[in-house]
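The values are calculated or read from the model by the stated rules, or taken from the named source; none is laboratory data. Bear in mind the structure is a predicted one, so any value in this text is a computation, not a measurement. Note: ideal-geometry Cβ built from the backbone for every residue, glycine included; neighbour counts use all protein chains shown. Accessible surface areas use protein heavy atoms only, side chains included; no ligands, DNA or RNA. Shrake-Rupley method; radii C 1.70, N 1.55, O 1.52, S 1.80 Å.
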Amino acid sequence: MTEPTIRLSAVDPTADALFVYGTLRFGRILAALLGRVPSTAPAGAAGWRAAALTRRPYPGLVPAPGQIASGLLLSGLSAREWRVLDDFEDDEYELVPLMVESGTGGSPGTVWSYIWAAPDEVLPGNWEADSFAERQLDRYAARLEGF
């Protein structure tokens, strides 16, 4: 078994959840990476937005007072799956604890999420999941499924 990366050193893979807001919201992407789709629940992160990024098909989570980034909580991830997802996220992301609210009416709680750390690549508009699904999902997923 390989050692966890520095970013994963504080994560408890048996108990912690991951808030995803971009391409990892799609079951086809998760299945290509993990070989399965883990348990999911809708969630939102107040004070954040899924920003469109320069020349990238995926978003970055950036601070945005007054906005709410919609996404999913992934739970029941194994240590291996945490490593796979961490390897998938590029170096411009930082893994941080984040307060989210469950879309099922649950109370706010702290989970982990990858936030974008390269502000010069952030565009003014938000990344749109529906637009990604319509225009890029098939090509993006096929590339991952080829590995």
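If you check Glu89, Glu134, Glu128, which single one turns out to be under 15 Å from the mean Cα position of the chain (by Cα), open to solvent by 40 Å² or more (accessible area, probe 1.4 Å) and either more than 16 Å from Ala41 (Cα to Cα) or β-branched (Val, Ile, Thr) (or both)? Reasoning before the result, please.
On the way: Glu89 fails: open to solvent by 40 Å² or more (accessible area, probe 1.4 Å); Glu134 fails: under 15 Å from the mean Cα position of the chain (by Cα).
Checking each option against the conditions leaves just Glu128.
Test of understanding: among Arg135, Arg143, Arg80, which residue is within 14 Å of Val11 (Cβ to Cβ) and not hydrophobic (A, V, I, L, M, F, W, C)? If you could, list the steps in order and put the result at the bottom.
Working: Arg135 fails: within 14 Å of Val11 (Cβ to Cβ); Arg143 fails: within 14 Å of Val11 (Cβ to Cβ).
Matching residue, one of Arg135, Arg143, Arg80: Arg80.
When Pro65 is evaluated against the numbered criteria (1) under 13 Å from the mean Cα position of the chain (by Cα); (2) part of a strand (DSSP E or B); (3) not aliphatic (A, V, I, L, M), which criterion, by number, is the only one it fails?
Of the numbered conditions (1) under 13 Å from the mean Cα position of the chain (by Cα); (2) part of a strand (DSSP E or B); (3) not aliphatic (A, V, I, L, M), the odd one out for Pro65 is (1).
Considering only residues of region 68-79 that are free of Cβ contacts under 8 Å to residues at least 60 places away in the same chain and more than 13 Å from the chain's Cα centre (by Cα), which is farthest from Gly35 (Cα to Cα)? Outline the logic, then answer.
Initially, region 68-79 is screened for residues free of Cβ contacts under 8 Å to residues at least 60 places away in the same chain, giving 68-76.
Filter again for more than 13 Å from the chain's Cα centre (by Cα), leaving 68, 76.
Values: Ile68: 30, Gly76: 14 Å.
Here the residue is Ile68.
Exactly one condition in (1) under 13 Å from Ser113 (Cβ atoms); (2) without any contact (Cβ under 8 Å) to a residue 24 or more places away in the chain; (3) open to solvent by less than 30 Å² (accessible area, probe 1.4 Å) is false for Val62; which is it?
Unmet condition: (2).
What do you reckon, is Trp82 buried (at least 19 other Cβ atoms within 10 Å of the Cβ), touching a helix residue (DSSP H, G or I) at 6+ places or on another chain (Cβ under 7 Å) and not polar (S, T, N, Q)?
Values: buried (at least 19 other Cβ atoms within 10 Å of the Cβ): yes; touching a helix residue (DSSP H, G or I) at 6+ places or on another chain (Cβ under 7 Å): yes; not polar (S, T, N, Q): yes.
Yes; evaluated as a whole, the condition is true for this residue.
Within region 34-45, restricting attention to residues that are in a strand (DSSP E or B) and touching an Asp or Glu at 6+ places or on another chain (Cβ under 7 Å), which residue is surrounded by the fewest Cβ atoms within 10 Å (Cβ to Cβ)?
Taking region 34-45 and keeping what is in a strand (DSSP E or B), we get 39-45.
Among the residues that remain, those that are also touching an Asp or Glu at 6+ places or on another chain (Cβ under 7 Å) are: 43-44.
Working: Ala43: 27, Gly44: 17.
So, considering only residues that are in a strand (DSSP E or B) and touching an Asp or Glu at 6+ places or on another chain (Cβ under 7 Å), the one surrounded by the fewest Cβ atoms within 10 Å (Cβ to Cβ) is Gly44.
Considering region 30-60 alone, what residues qualify as being touching a Ser or Thr at 6+ places or on another chain (Cβ under 6 Å) and under 25 Å from Val122 (Cβ atoms)?
Ala43, Gly44, Tyr58
Residues that are of a type outside the set (S, T, N, Q), closer than 25 Å to Ser131 by Cα and crowded, with 17+ Cβ neighbours inside 10 Å: does region 100-108 have at least one?
Of region 100-108, the ones of a type outside the set (S, T, N, Q) are 100-101, 103, 105-106, 108.
Cutting the leftovers down to closer than 25 Å to Ser131 by Cα gives us 100-101, 103.
Then drop every residue that is not crowded, with 17+ Cβ neighbours inside 10 Å, which leaves 100.
Yes, region 100-108 has at least one match.
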